[in-house]
């Protein structure tokens, strides 16, 4: 799939068989506007590719979960290394499960940092 060489006019994120997104591009010289839909798998691949291009480390064996809030998409990665204590494991699980709540995310992240 090739994307048009144009600025994105709008983005719509929604839940349909997982998290999906539609990019809308402005009309071209012929007056044709184009929309490109991305499935959850395509969104996950795009985020992983972005991390690689930007040299952002992402563990390949981590559990990757997409979440969305309003018109934003995020990927949360949960990795367990060796003997992880129970508090940190529970906090990591809460981060994944409560990703839609900024308050829950901040509280869980604070507990991980304290331990």
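Any read-out appearing in this document is the output of simple, stated calculations on the displayed coordinates, not a laboratory observation. Everything numeric here is computed off the predicted structure, so don't read it as measured data. When we count neighbours, we look across all protein chains shown, and the Cβ atoms used for this are built from the backbone with ideal geometry, even at glycine.
Brief remarks follow.
- Measuring r between the beta carbons of residue 49 and residue 29 and using R0 = 25 Å, the FRET efficiency lands at 0.25.
- Relative contact order [Cα under 8 Å, 6+ residues apart], region 1-59, whole percent: 24
- Order by protection proxy (mean Cβ within 10 Å, highest first), peptides 40-48, 21-29: 40-48, 21-29
- When each of 65, 53 is scored by the number of other beta-carbon atoms lying within 10 Å, the sequence from fewest to most is 53, 65.
- In terms of surrounding Cβ atoms within a 10 Å radius of their Cβ, 64, 16, 70 rank from fewest to most as 70, 16, 64.
- Relative exposure of 56, 76, judged by other C-beta atoms within 10 Å (fewest first): 56, 76
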